[in-house]
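Here's the structure, in structure tokens; my notes come after.
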Amino acid sequence: MRDSVVRLPDGTIGLRLVERERSILRALLGDLREIVGEEVDPPGLTELDETGEDADAGEATADEDDADVGPDDAEPVEVLTDPVLIRLYPDARPDDPAWSARFRDMIRGDLDDARRENLAVVEDTLDARSIDDDQAEAWLHVLNDLRLVMGTRLDITEEREAEPFDPEDPDAAAMVVYAYTGWLEGQFVDVLAAVLPDVPEPGDDPPDDASAGDDS
């Protein structure tokens, strides 16, 4: 099976996806977008009260007073029970679900904004024949999220992944898609990693040109 993600001579990254692959990914993206949700208040927009003034202006002082409020001081929030959401927004303190829930409530907006940005990039380039490295990184993040969602729903464990494929399994089709996204994610990792500079191992001798200027 040929690679679907390759580095092209011009430096861009080619997406050799057939229509069937793009259709599968399009459906998965729609599912992930439903989980993440749409942005409620677009940036730059404010609500005006009946006088035409900024409705949030009177809350500035209260917001400033709350600026230093941390997870221990915030109002309690609902602890997640959906396994998919728990996987996408794991507890910062597994031994303290209540604290983790308050902390999650503080940062989830930023996490969702980043996920929406990455989703938008992938949706916009899904039918493209080539993308740049920044767009490829967005693809990598989205594929990782897709696998977290599918892996949770399929109750994927190391033991289950190691089992021989059973075409009679009710989850057989979903397992194939899960394996496909992992295969695709691995190709993005390889293509992006191939252009990273080499990092010397501890104890390695410095390059010859680095020590050439020491002679005096």
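Read through the list (1) touching a strand residue (DSSP E or B) at 6+ places or on another chain (Cβ under 9 Å); (2) assigned to a helix (DSSP H, G or I), then give the number of the only condition that residue 152 fails.
Every listed condition holds for residue 152 apart from (1).
Check 210, 138 and return the single one that is at pLDDT 95 or above and either assigned to a helix (DSSP H, G or I) or under 23 Å from residue 90 (Cβ atoms) (or both).
Sole residue among the options that is at pLDDT 95 or above and either assigned to a helix (DSSP H, G or I) or under 23 Å from residue 90 (Cβ atoms) (or both): 138.
Identify all residues within the stretch 104-157 that are under 16 Å from residue 22 (Cβ atoms) and of a type in the set (D, E, K, R); write none if there are none.
Result: 123, 124, 127, 129.
Return yes when residue 176 is part of a loop (DSSP other than H, G, I, E, B), surrounded by fewer than 16 Cβ atoms within 10 Å (Cβ to Cβ) and either aliphatic (A, V, I, L, M) or in contact with a Cys (Cβ under 6 Å, 6 or more places away or on another chain) (or both) and no when it is not. Don't jump to the end; show me each part of the working.
Values: part of a loop (DSSP other than H, G, I, E, B): no; surrounded by fewer than 16 Cβ atoms within 10 Å (Cβ to Cβ): yes; either aliphatic (A, V, I, L, M) or in contact with a Cys (Cβ under 6 Å, 6 or more places away or on another chain) (or both): yes.
Considered against the rule, which asks whether it is part of a loop (DSSP other than H, G, I, E, B), surrounded by fewer than 16 Cβ atoms within 10 Å (Cβ to Cβ) and either aliphatic (A, V, I, L, M) or in contact with a Cys (Cβ under 6 Å, 6 or more places away or on another chain) (or both), residue 176 comes out as no.
Since residue 34 meets every condition but one in (1) within 19 Å of residue 145 (Cβ to Cβ); (2) at pLDDT 80 or above; (3) surrounded by 12 or more Cβ atoms within 10 Å (Cβ to Cβ), which condition does it not meet?
Only one criterion in (1) within 19 Å of residue 145 (Cβ to Cβ); (2) at pLDDT 80 or above; (3) surrounded by 12 or more Cβ atoms within 10 Å (Cβ to Cβ) is unmet by residue 34, namely (3).
From the list 181, 157, which one is under 24 Å from residue 37 (Cα atoms) and polar (S, T, N, Q)?
181
Any residue at all in the stretch 176-188 that's of a type outside the set (S, T, N, Q), farther than 30 Å from residue 11 by Cα and more than 15 Å from the chain's Cα centre (by Cα)?
So far as the stretch 176-188 goes, yes, one or more of its residues are of a type outside the set (S, T, N, Q), farther than 30 Å from residue 11 by Cα and more than 15 Å from the chain's Cα centre (by Cα).
Checking the condition modelled with pLDDT of 50 or more, within 28 Å of the chain's Cα centre (by Cα) and farther than 30 Å from residue 184 by Cβ, which residue from 79, 121 passes?
Answer to the selection: 79.
Given (1) surrounded by 14 or more Cβ atoms within 10 Å (Cβ to Cβ); (2) more than 24 Å from the chain's Cα centre (by Cα); (3) modelled with pLDDT of 90 or more, identify the lone condition not met by residue 10.
The single condition residue 10 does not satisfy is (1).
Every residue, every condition in (1) free of Cβ contacts under 8 Å to residues at least 40 places away in the same chain; (2) small (Gly, Ala, Ser), yes or no:
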| position | (1), (2) |
| --- | --- |
| 127 | no, no |
| 145 | no, no |
| 148 | no, no |
| 167 | yes, no |
| 173 | yes, yes |
| 178 | yes, no |
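Results for (1) acidic (Asp, Glu); (2) more than 15 Å from residue 141 (Cβ to Cβ); (3) out of contact with any helix residue (DSSP H, G or I) (no Cβ under 6 Å at 6 or more places or on another chain), shown as yes or no for each residue.
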{"site": "95", "(1), (2), (3)": "yes, yes, yes"}
{"site": "99", "(1), (2), (3)": "no, yes, yes"}
{"site": "102", "(1), (2), (3)": "no, yes, yes"}
{"site": "108", "(1), (2), (3)": "no, yes, yes"}
{"site": "118", "(1), (2), (3)": "no, no, no"}
{"site": "129", "(1), (2), (3)": "no, yes, yes"}
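Could you list all residues from the stretch 95-131 that are closer than 23 Å to residue 192 by Cα and not in a helix (DSSP H, G or I)?
126, 127, 128, 129, 130, 131
Determine whether the stretch 94-101 contains at least one residue that is surrounded by 10 or more Cβ atoms within 10 Å (Cβ to Cβ), at pLDDT 80 or above and within 29 Å of residue 189 (Cα to Cα).
No; the residues of the stretch 94-101 include none that is surrounded by 10 or more Cβ atoms within 10 Å (Cβ to Cβ), at pLDDT 80 or above and within 29 Å of residue 189 (Cα to Cα).
The values are calculated or read from the model by the stated rules, or taken from the named source; none is laboratory data. Just so it is clear, the model here is predicted, and its values are computed rather than measured. Ideal geometry is used to build each Cβ from the backbone, glycine not excepted, and the neighbour counts take in all protein chains shown.
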